[in-house]
Amino acid sequence: MKNIQSVFSAAVCGLVVAFTAAASAQDIKQGVATVVRVQGPASYTLESGPNPKWIPLVAGKVLMAGSSIRTGPDATVDMVLGKNIQMPQAHPSPDRIAPAADAAVRGLVAYTPAAEQNTVRMTGETTLKIDKLTISDTGVDTVSDTELDLQKGRIFANVKKLSAASQYLIKIPSGIAGVRGTFFGIDASGWCAVLRHQVDLALFGSDGKVVTHTVGEGNQFDPGTGQTTPLPQSLLNFLGQVSSAINTTYLSVVSFASPLSNCYISPKNGHHKGGGNSGNGGGNQP
């Protein structure tokens, strides 16, 4: 295992060669991860090192490459990766104020991301770092370069169909996964399940050598056995539900209600008067 770093680098290079071509540096722009749903305890940090400062995460937060996100038990965080998307949560204040469409929903309305957006769902007790997130518009196509570091836990991701020069890589402690136009789930342990298309895994074996696995549509890879097997119907149904869920985010809508009573101060005598817009002693006075 002493040559693990060089072997890992070789695996990365092999996948990059397979997935990407170099884009012109002058066309490259930094992408962002827009947090569109947070349920349960979650936080983020922009620092590295042994004791980074973690800040509570809320929907609407826009994160750049270098950010790390972690979730608590039973928490969920959904993100849209790519360009800075235009939606109410991306603004510091709502661009409209209105009551919820249905009071029973408690201020939630549906929003469906554009088909070309990449989405990621973090499950509970997961730590994920955004290593790289760039976009290059060549004039003919859009080239994206996404590298995520799944340090702990499990994520589900929906990746749009990538151009030939684009890459989408997920590092895990035991190797790396290369993705192209896929919906899948992957665990830091190396477990991987694919609902659509395929995921290529390059994992370290017990002898330190890199072993590659292709997990095709409707299959899962078990790192414990090293085998790829068909997804059971129950897991297929679950993945379908997750796929639908992470492509529908929910926006909070702010509602205001007039108070039933107001307090006014008379400029003549300084006494307080309770009531609405009328009353003795200058209820309507400024």
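Any chance you could count how many residues in region 46-65 are surrounded by 18 or more Cβ atoms within 10 Å (Cβ to Cβ) and either among the aromatic types (Phe, Trp, Tyr) or not in a loop (DSSP other than H, G, I, E, B) (or both)?
The number of residues fulfilling the criteria is 1.
Mind counting the residues in region 145-166 that are part of a loop (DSSP other than H, G, I, E, B) and among the hydrophobic types (A, V, I, L, M, F, W, C)?
Within region 145-166, the subset part of a loop (DSSP other than H, G, I, E, B) is 153, 159-166.
If we keep only those that are among the hydrophobic types (A, V, I, L, M, F, W, C) as well, we get 159, 162, 164-165.
Total meeting the criteria: 4.
Kindly indicate which of 176, 135, 186, 155 is more than 28 Å from residue 72 (Cα to Cα), of a type outside the set (D, E, K, R), in the same structural domain as residue 62 (by TED's automatic domain parsing) and in contact (Cβ under 8 Å) with a residue 24 or more places away in the chain. Step through it out loud before you land on a result.
Values: 176 fails: more than 28 Å from residue 72 (Cα to Cα); 186 fails: more than 28 Å from residue 72 (Cα to Cα); 155 fails: more than 28 Å from residue 72 (Cα to Cα).
Just one listed residue meets the conditions, 135.
With the requirement that a residue be more than 10 Å from the chain's Cα centre (by Cα), surrounded by 21 or more Cβ atoms within 10 Å (Cβ to Cβ) and not hydroxyl-bearing (Ser, Thr, Tyr), what does region 66-84 give you?
Keep residues of region 66-84 that are more than 10 Å from the chain's Cα centre (by Cα), which gives 66-68, 70-75, 82-84.
Going one step further and asking which of them are surrounded by 21 or more Cβ atoms within 10 Å (Cβ to Cβ), we end up with 70-71, 82.
Result: 70, 82.
Grab the strands (runs of 3 or more DSSP E) fully contained in region 200-264, keeping just those with 3 or more residues being surrounded by 10 or more Cβ atoms within 10 Å (Cβ to Cβ) and modelled with pLDDT of 80 or more. If you could, list the steps in order and put the result at the bottom.
Values: elements: 210-215, 219-222, 227-230, 249-252.
Those strands (runs of 3 or more DSSP E) span 210-215, 219-222, 227-230.
Would you mind stating whether residue 270 is at pLDDT below 80, loosely packed, with under 15 Cβ neighbours inside 10 Å, touching a Phe, Trp or Tyr at 6+ places or on another chain (Cβ under 9 Å) and not assigned by TED's automatic domain parsing to the domain that holds residue 119?
Working: at pLDDT below 80: yes; loosely packed, with under 15 Cβ neighbours inside 10 Å: yes; touching a Phe, Trp or Tyr at 6+ places or on another chain (Cβ under 9 Å): no; not assigned by TED's automatic domain parsing to the domain that holds residue 119: yes.
So residue 270 does not fit the description; no.
Looking at region 171-188, which of its residues are assigned to a loop (DSSP other than H, G, I, E, B) and at pLDDT 95 or above?
Of region 171-188, the ones assigned to a loop (DSSP other than H, G, I, E, B) are 173-174, 188.
Across region 171-188, the qualifying residues are 173, 188.
The values are calculated or read from the model by the stated rules, or taken from the named source; none is laboratory data. Only a predicted model underlies this, so the values are computations on that prediction, with no experimental measurement involved. No Cβ is skipped: glycine too gets one built from the backbone with ideal geometry, and neighbour counts run over all protein chains shown.
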